[in-house]
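Just so you know, all these numbers are worked out from the coordinates, no wet-lab data involved. Everything quoted here is computed from the prediction, not taken from an experiment. Here the Cβ positions follow ideal geometry from the backbone for every residue, glycine too, while neighbour counts run over all protein chains shown.
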Amino acid sequence: MSESMRAMRLHAPGKPLEWEEIARPAPGPGEVEVRVLACGVCRTDLHVLDGELSEPRLPLIPGHEIVGEVTALGEGVQVPSRGTRVGVPWLGWTCGECEPCRAGRENLCERAEFTGYTRDGGYAEYCVADARYCFPLDVENAQDAAPLLCAGLIGYRTWRLAGGEGNRTLGIYGFGAAAHILAQLAVARGQKIYAFTRPGDDDAQSFARRLGAVWAGGSDEASPEPLDAALLFAPVGALVPAALEAVRPGGAVVSGGIHMSDIPSFPYRLLWEERSLSSVANLTRRDGEEFLALAPEVPIRTETRAYPLKEANQALEDLREGRLSGAAVLIP
C-alpha cells in the first residue's frame, strides 16, 4: 500500500490551492479510509477559500461531496465494510452528547466537525471519515452521484423545511447545483417552479426551463404569481426582501446557504401576514437516508462537468464566474 497520496491543499484564505504529495491518512477509532472516486465542487468551498468561513483547519484539503470506496477500517468499525461504496457529506462528526444531539437535532451539534472545513475533505486521492457519517450508495457513476452529497441534501432539507409537498408554487433563487437537483424533485411532485437567476443570465434561465420550470427570469423581476414558498440558494442578502415580497400571506422563505451577504433593511409589511423567514444549517443523517432513497425513485439526473483533481482551481473559478450549468466534479 502506498504511504503517500496527491491532494489539493489550502494554506491560507485568498490563495489558490496547491497540488501536493502528502502522507496518506490512516483511520482512527470509529473512522474509515475512503478511496475518493469523485468529489463535487460546492459554493461552500469558495466561502472557505475566500475566508468568508473564517475558522478552517489549515493546511486544509477542501471538498465535502465525496463518493468513494471504503478501503480500511479503524478500531471498532464493522459497518460500512471494506469495498462498500459510500458518500461522505459536509457534516462529518457530532458528539452525540450535547442538548441538540440528544434532541435529534445533530445538525446543530455544539462541537460538530465539517468535512472539507474542520476535517480534511475529498480534493484528494484518499480521505478518512467518521463511519457514522458515511452513507452507503448503490450507484454506478460516482461523478453523477457526487452533487447529491451536498447540493442534493441541502436542497432537500431546504425544500422540506419550507413545507415540502404541501406547496403548490415554489420560487428558486439561484439556479445552480442545488436548484437543478431540487427542481426535478419538485416537478415530480407536481409543483410549479419559478426560477430567479442573475439578471440577463439567459443560459441559466434556459437550463431551468429545460428542467421543468414554468417560468424563468431575472431576480430583479416580479414573480408572475404569488409563491407558496421561496428557496434561496444564491448568497445574496438583497434577495431576502425580494423573496418575502414574492410569497403569499403565510408563505415561507428559507435560505439554504451557509453564508450570505448582509441582508438590507426592509419594511415590516413584507414579513407581516404570517410570512416566515428561516435558514438551513447543515443536515442530519435522516435527511441523507430519506433523500438518497428518493433520488433514484424520481429519478434525479445530475448534470456535471468533470475536471481532473489537479485542475481544482479552474473548477472553482468556473463556479465563481457562473460558467457552469449543474455541478463541477473533481476526478482523482
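Some observations on this one:
- The lone criterion from (1) exposed (fewer than 15 other Cβ atoms within 10 Å of the Cβ); (2) outside any loop (DSSP other than H, G, I, E, B); (3) aliphatic (A, V, I, L, M) left unmet by Val79 is number (2).
- Filtered residue count, region 194-222, keeping only those that are under 21 Å from the mean Cα position of the chain (by Cα) and hydroxyl-bearing (Ser, Thr, Tyr): 2
- Top-ranked residue of region 57-74 - restricted to ones that are closer than 12 Å to Leu17 by Cβ and in contact with a Lys or Arg (Cβ under 7 Å, 6 or more places away or on another chain), ranked as surrounded by the fewest Cβ atoms within 10 Å (Cβ to Cβ): Pro59
- Residue satisfying condition, being part of a loop (DSSP other than H, G, I, E, B), surrounded by 14 or more Cβ atoms within 10 Å (Cβ to Cβ) and in contact with a Gly (Cβ under 8 Å, 6 or more places away or on another chain), within set Pro235, Pro264: Pro235
- Close pairs from region 157-181: first more than 17 Å from Asp203 (Cβ to Cβ), partner of a type in the set (Lys, Arg) and assigned to a loop (DSSP other than H, G, I, E, B), Cβ under 6 Å, at least 6 apart: Glu165/Arg189
- Candidates are the residues of region 7-57 that are assigned to a helix (DSSP H, G or I) and charged (D, E, K, R); the one that is nearest to Leu232 (Cα to Cα) is Arg43.
- Within this structure, Leu316 passes the test of being touching a helix residue (DSSP H, G or I) at 6+ places or on another chain (Cβ under 9 Å) and surrounded by 15 or more Cβ atoms within 10 Å (Cβ to Cβ).
- Residues (over 16 Å from Gly121 (Cβ atoms) and either surrounded by 15 or more Cβ atoms within 10 Å (Cβ to Cβ) or not hydrophobic (A, V, I, L, M, F, W, C) (or both)) located in region 14-31: Gly14, Lys15, Pro16, Glu21, Gly28, Pro29, Gly30
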